[in-house]
Amino acid sequence: MERNPLLSLVGAGPGDPELITLKAIRTIGRARVILYDALANEALLEYAAPGAIIRFTGKRYGCHALSQEEINQLIVAEALEHGHVVRLKGGDPFVFGRAVEEITAARNAGIAVEIVPGISSALAVPATAMIPLTSRGTAESFWVTTGTTRSGSISGDVYLAAQSTATVVILMAMSRLEAIMDIFIYYGKADMPVAIIQDGTTASQKMVTGTVKDISFRAQQAGLGNPAVIIAGEVVGLQADLLPAYVQGLTATQKKPAPHEER
Ligand SMILES: C[S@@+](CC[C@H](N)C(=O)[O-])C[C@H]1O[C@@H](n2cnc3c(N)ncnc32)[C@H](O)[C@@H]1O
């Protein structure tokens, strides 16, 4: 175990505890302190070394979340006292992960920093739901944008993305879903397919599909909330053909094939 101060920013993956890298597991196992966020699956804490200090920094069960400044201070204090600190963060630390602030705080305190990339929800959540982000003849690129900015307003990038022919993946957008879909409507995309996936890659995953013009209503009817990924683009229409027949909903008279019968 590392006694010199070291901060490892470790990607915990999108939710499914098996979607983590081997390097992340090994890094967690070497840490003396683990500070984990709400989107990091707690099952991953089983890789912690015996005696490691484990602290939750997110907001859950009515607990107050630490502010980013408090987290920065905690990282520095724990690293200087105990040595190796792992910041276990949902998805990839460099995708909307406040990693820059934490690296800056650590560096300013003379603490070494390393990054262990993770599988971002932006990629893994659509993939697990059989929605490709690119597909020959359908989409040549994709955008990943936040829906909202620090002030709660809609990101200017959503307006640009809505004008492109790319697949648009939007994170942190549920609070402004209707207004965001109105932007797509304004740019003539009312009938574009959209999927919203909550708690993607986990056992509690919920998904709603529709079009730009009706997805807000459908999401509200289904009670969808955070954390959720919105995917807007023609690729969403490919999902129906890619999902195995037993998921697409066979008629009651048809025998459901077992997953191993699907080829
Ligand atoms: C602060 S960002 C962190 C993103 C993370 N660093 C990543 O790479 O996935 C949090 C947002 O990621 C998305 N998100 C993260 N995990 C998710 C999951 N399992 N299902 C759906 N959306 C998820 C949601 O949009 C959520 O509001």
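Applying the criterion of being of a type outside the set (Lys, Arg), within 9 Å of the ligand (Cβ to nearest atom) and buried (at least 20 other Cβ atoms within 10 Å of the Cβ) to the residues of the stretch 71-94, the residue that is nearest to LEU19 (Cα to Cα) is GLY91.
Residues in the stretch 40-59 that are in a loop (DSSP other than H, G, I, E, B) and crowded, with 19+ Cβ neighbours inside 10 Å: ALA40, ASN41, ALA48, ALA52, THR57. Among the residues of the stretch 221-234, the one identified as among the polar types (S, T, N, Q) and either in a strand (DSSP E or B) or closer than 17 Å to ASP199 by Cβ (or both) is ASN226. Is it true that THR145 is part of a strand (DSSP E or B) and either more than 18 Å from the chain's Cα centre (by Cα) or in the same structural domain as ARG98 (by TED's automatic domain parsing) (or both)? The answer is no for THR145.
Scanning the stretch 99-108 for residues that are assigned to a helix (DSSP H, G or I), more than 15 Å from the ligand (Cβ to nearest atom) and either small (Gly, Ala, Ser) or in contact (Cβ under 8 Å) with a residue 40 or more places away in the chain (or both) turns up at least one hit. Of the residues that sit in the stretch 207-220 and are β-branched (Val, Ile, Thr) and not in a helix (DSSP H, G or I), which one is surrounded by the most Cβ atoms within 10 Å (Cβ to Cβ)? Checked the stretch 207-220; the qualifying residue surrounded by the most Cβ atoms within 10 Å (Cβ to Cβ) is VAL212.
Output the number of the condition that GLU42 fails; it satisfies all remaining conditions of (1) away from the ligand (no atom under 14 Å from the Cβ); (2) over 22 Å from ALA105 (Cα atoms); (3) of a type in the set (D, E, K, R). Looking at each condition in turn, GLU42 falls short on (1).
The values are calculated or read from the model by the stated rules, or taken from the named source; none is laboratory data. A quick note: this is a predicted structure, and the numbers were derived from the prediction, not measured. All Cβ positions, glycine included, derive from the backbone under ideal geometry; neighbour counts span all protein chains shown.
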